[in-house]
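Peer 1: My questions will all concern the structure given below.
The values are calculated or read from the model by the stated rules, or taken from the named source; none is laboratory data. What you see is a predicted model; the values in this text were computed from it and never measured. Here the Cβ positions follow ideal geometry from the backbone for every residue, glycine too, while neighbour counts run over all protein chains shown.
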Amino acid sequence: MTQGVELSTTVLCPAVSTDPTDATVRFDETGVSVRGTGLAEDAALAEIFDVRLGQPPQAAGQAFSGTVLTIGFERGGQRVVLFVDGEDSTLERVSALLFRRLLDGTQVAMSHPATVGGRITDQRFDIGQLRVAPGKIGCTGITEPLNIDLDSIVSVTRSEKELLGRLEPTVEFKYVKRGVVVGVYLSLNPPRKLNLLGRYLRREYRRTKRRLRTIDPPPPVLRVLTRLYAQRGRTKSRTILATESTDPEALLQTLLDHELVELSDGEITLTMLGWVLVAERVSTTRVPSEQA
């Protein structure tokens, strides 16, 4: 966030007033400032512990009906919450800038690849600097610098991993690399940074997750996706369809209609939607052995 962004909008800061007010909100390289009638708040980047974008929580439900940007920060030992109203596209842009400014350059312990195709590797954690850029996440200062497209991420979870002899909270994300799902473990301090990272990664693929909620794939569809997963997401053979259905073309059409696969140069290939669906289920689904 090298340049400041200024919004004239409606905000609510319950620590100051229970009523929303018109204000000017500025986001720049130092943090966030708010100026309105009876309202003057400044939050340095180091004081911000939470950033959320979505429907207003109960505390702001009566003041706002659409999407709001929620910013949590510390002030004099107390936690303060600021709710910012605005157009969805504007809040998306501002929140992405704020996330990147909060996270980029943070020291991170990273294990990559931590898993390959569902199998755990013996890769140790390496210490480097987290890099967050538009559409990208990576790490520098390590043996093999990493730079990943956010739209290739198919899963984000929280767990604990052993680091320096003790269990530490960790964010694990999986992404697709040349037809293989690769896992990455990340650990950051302080904990608020880890929470912000997890929230940032999740927001980048939540549209896909929302799409998945509208899909209730029957077992044959899931089995085809799992077989494709075992073949690095693509195959020229229609055997995987015939194995699961007496009407392979109808099954293929169902997969195409749900945008779980696509046809490319005579191959059936997983779409990113298909990758996300199968990546979530493959850990509890037996991957068939298929030579087709």
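Peer 1: Of all residues in the range 122-151, which are assigned to a loop (DSSP other than H, G, I, E, B) and more than 22 Å from Leu277 (Cα to Cα)? Can you show your working first?
Peer 2: To start, the set of residues in the range 122-151 that are assigned to a loop (DSSP other than H, G, I, E, B) comprises 122-125, 134-135, 141-145.
Answer for the range 122-151, where residues must be assigned to a loop (DSSP other than H, G, I, E, B) and more than 22 Å from Leu277 (Cα to Cα): Asp122, Gln123, Arg124, Phe125, Pro134, Gly141, Ile142, Thr143, Glu144, Pro145.
Peer 1: Among residues belonging to the range 215-253 that are acidic (Asp, Glu) and assigned to a helix (DSSP H, G or I), point out the one that is farthest from Gly138 (Cα to Cα). Break it down stepwise before answering.
Peer 2: Restricting attention to the range 215-253, the residues satisfying the condition of being acidic (Asp, Glu) are 216, 244, 247, 249.
Still in the list and also assigned to a helix (DSSP H, G or I): 244, 249.
Working: Glu244: 39, Glu249: 41 Å.
Once the filter is applied, the top-ranked residue is Glu249.
Peer 1: Considering only strands (runs of 3 or more DSSP E) fully contained in the range 1-120, which possess at least 3 residues that are more than 27 Å from Thr170 (Cα to Cα) and in contact with a helix residue (DSSP H, G or I) (Cβ under 8 Å, 6 or more places away or on another chain)? Working first, answer last.
Peer 2: Working: elements: 5-12, 21-28, 31-36, 39-44, 48-54, 68-75, 78-85, 107-116.
The qualifying strands (runs of 3 or more DSSP E) are 5-12.
Peer 1: Within the range 132-167, work out how many residues are surrounded by 16 or more Cβ atoms within 10 Å (Cβ to Cβ) and either out of contact with any helix residue (DSSP H, G or I) (no Cβ under 9 Å at 6 or more places or on another chain) or not assigned by TED's automatic domain parsing to the domain that holds Leu194 (or both).
Peer 2: Qualifying residue count for the region: 7.
Peer 1: What pairs can you find where one residue is in the range 82-103 and within 13 Å of Arg26 (Cα to Cα), the other is outside any helix (DSSP H, G or I) and among the small types (Gly, Ala, Ser), and their Cβ atoms are less than 6 Å apart, with a gap of 6+ or different chains?
Peer 2: That search, which allows pairs on different chains as well, returns nothing.
Peer 1: For the range 13-33, which residues satisfy the criterion of being aliphatic (A, V, I, L, M) and either modelled with pLDDT under 95 or surrounded by fewer than 13 Cβ atoms within 10 Å (Cβ to Cβ) (or both)? Please lay out each step first, then the result.
Peer 2: First pass over the range 13-33, keeping only residues aliphatic (A, V, I, L, M): 15-16, 23, 25, 32.
Hits for the range 13-33 are Ala15, Val16.
Peer 1: Separate question: Which numbered condition trips up Asp42, out of (1) exposed (fewer than 15 other Cβ atoms within 10 Å of the Cβ); (2) in contact (Cβ under 8 Å) with a residue 12 or more places away in the chain; (3) in contact with a strand residue (DSSP E or B) (Cβ under 6 Å, 6 or more places away or on another chain)?
Peer 2: (2)
Peer 1: Does at least one position in the range 115-131 carry a residue that is of a type in the set (Ser, Thr, Tyr), under 18 Å from Pro190 (Cβ atoms) and in contact with an Asp or Glu (Cβ under 9 Å, 6 or more places away or on another chain)?
Peer 2: Step one: list which residues in the range 115-131 are of a type in the set (Ser, Thr, Tyr), which gives 115, 121.
Keeping just the survivors that are under 18 Å from Pro190 (Cβ atoms) gives none.
Checking the range 115-131: not a single residue is of a type in the set (Ser, Thr, Tyr), under 18 Å from Pro190 (Cβ atoms) and in contact with an Asp or Glu (Cβ under 9 Å, 6 or more places away or on another chain).
Peer 1: Could you tell me which of the residues Gly36, Gly61, Gly54, Gly66 is at pLDDT below 95 and in contact with a strand residue (DSSP E or B) (Cβ under 6 Å, 6 or more places away or on another chain)?
Peer 2: Numbers: Gly61 fails: in contact with a strand residue (DSSP E or B) (Cβ under 6 Å, 6 or more places away or on another chain); Gly54 fails: in contact with a strand residue (DSSP E or B) (Cβ under 6 Å, 6 or more places away or on another chain); Gly66 fails: in contact with a strand residue (DSSP E or B) (Cβ under 6 Å, 6 or more places away or on another chain).
Going through Gly36, Gly61, Gly54, Gly66 in turn, the sole match is Gly36.
Peer 1: To continue, here is another question. Just the residues that are surrounded by fewer than 20 Cβ atoms within 10 Å (Cβ to Cβ) and hydrophobic (A, V, I, L, M, F, W, C), please, taken from the range 65-102.
Peer 2: Val80, Val81, Ala96, Leu97, listed by residue number.
Peer 1: Which of the residues spanning the range 254-270 are outside any strand (DSSP E or B) and out of contact with any helix residue (DSSP H, G or I) (no Cβ under 9 Å at 6 or more places or on another chain)? Walk me through how you get there before you give the answer.
Peer 2: First pass over the range 254-270, keeping only residues outside any strand (DSSP E or B): 254-260, 265-266.
Once the filter is applied, which keeps residues that are outside any strand (DSSP E or B) and out of contact with any helix residue (DSSP H, G or I) (no Cβ under 9 Å at 6 or more places or on another chain), the range 254-270 yields Leu256, Asp257, Asp265, Gly266.
Peer 1: Turning to a different aspect of this structure: Say whether the condition of being under 13 Å from the mean Cα position of the chain (by Cα) and of a type in the set (A, V, I, L, M, F, W, C) is met by at least one residue in the range 158-168.
Peer 2: Checked the range 158-168: no residue is under 13 Å from the mean Cα position of the chain (by Cα) and of a type in the set (A, V, I, L, M, F, W, C).
Peer 1: May I pose another question? Quick one: in the range 198-219, of everything that is of a type in the set (A, V, I, L, M, F, W, C) and more than 16 Å from Glu92 (Cα to Cα), which residue is surrounded by the most Cβ atoms within 10 Å (Cβ to Cβ)? Step through it out loud before you land on a result.
Peer 2: Just the residues of the range 198-219 that are of a type in the set (A, V, I, L, M, F, W, C), to begin with: 201, 212, 215.
Still in the running and more than 16 Å from Glu92 (Cα to Cα): 212, 215.
Working: Leu212: 15, Ile215: 13.
Step by step, filter the range 198-219, then rank; the result is Leu212.
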